[in-house]
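The values are calculated or read from the model by the stated rules, or taken from the named source; none is laboratory data. This is a predicted model, so every value here is computed, not measured. Counting neighbours? That spans all protein chains shown, and the Cβs are built from the backbone with ideal geometry, glycine included.
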Amino acid sequence: MGRRAKPKKGKPARKSAKNDGSQVRDLEKRLAEALQREAAAAKREAEALEQQTATSEILRAIGGSPTDVQPVFDAIARSGVTVCEGLGCAVFVVDVHPGGILPRIC
């Protein structure tokens, strides 16, 4: 039969504290970067959902009042406030007539 290897006598191998510290710092850095990427992705997802919701509300207003444009402009203004996190929004319509431009606030 084969021979068994004899264990070496002496102190067991040990990593230096300096090496352990740099590994910990590296792992902490990688974790922080991963958390930042996750937070950025969550923010992008929330913004995309907010935009999709605003678009849906505007399309619902268009479908609900095919001949009256005022509810559509109201939905556009509400969505603008929501998406832009603003305090207010105004929608301006410009009618061009032979006599000149007639601005109208909706």
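Some points to look at:
- Annotation note: of 54, 41, 61, 48, the sole residue that is at pLDDT 85 or above, in contact with a Pro (Cβ under 7 Å, 6 or more places away or on another chain) and not hydroxyl-bearing (Ser, Thr, Tyr) is 61.
- Of all residues in region 25-47, those that are surrounded by 10 or more Cβ atoms within 10 Å (Cβ to Cβ) have Cβ atoms under 9 Å from Cβ atoms of residues that are part of a helix (DSSP H, G or I), 6 or more apart or on another chain, in 47/83.
- Members of region 79-96 found to be surrounded by 14 or more Cβ atoms within 10 Å (Cβ to Cβ) and within 17 Å of the chain's Cα centre (by Cα), listed by number: 82, 83
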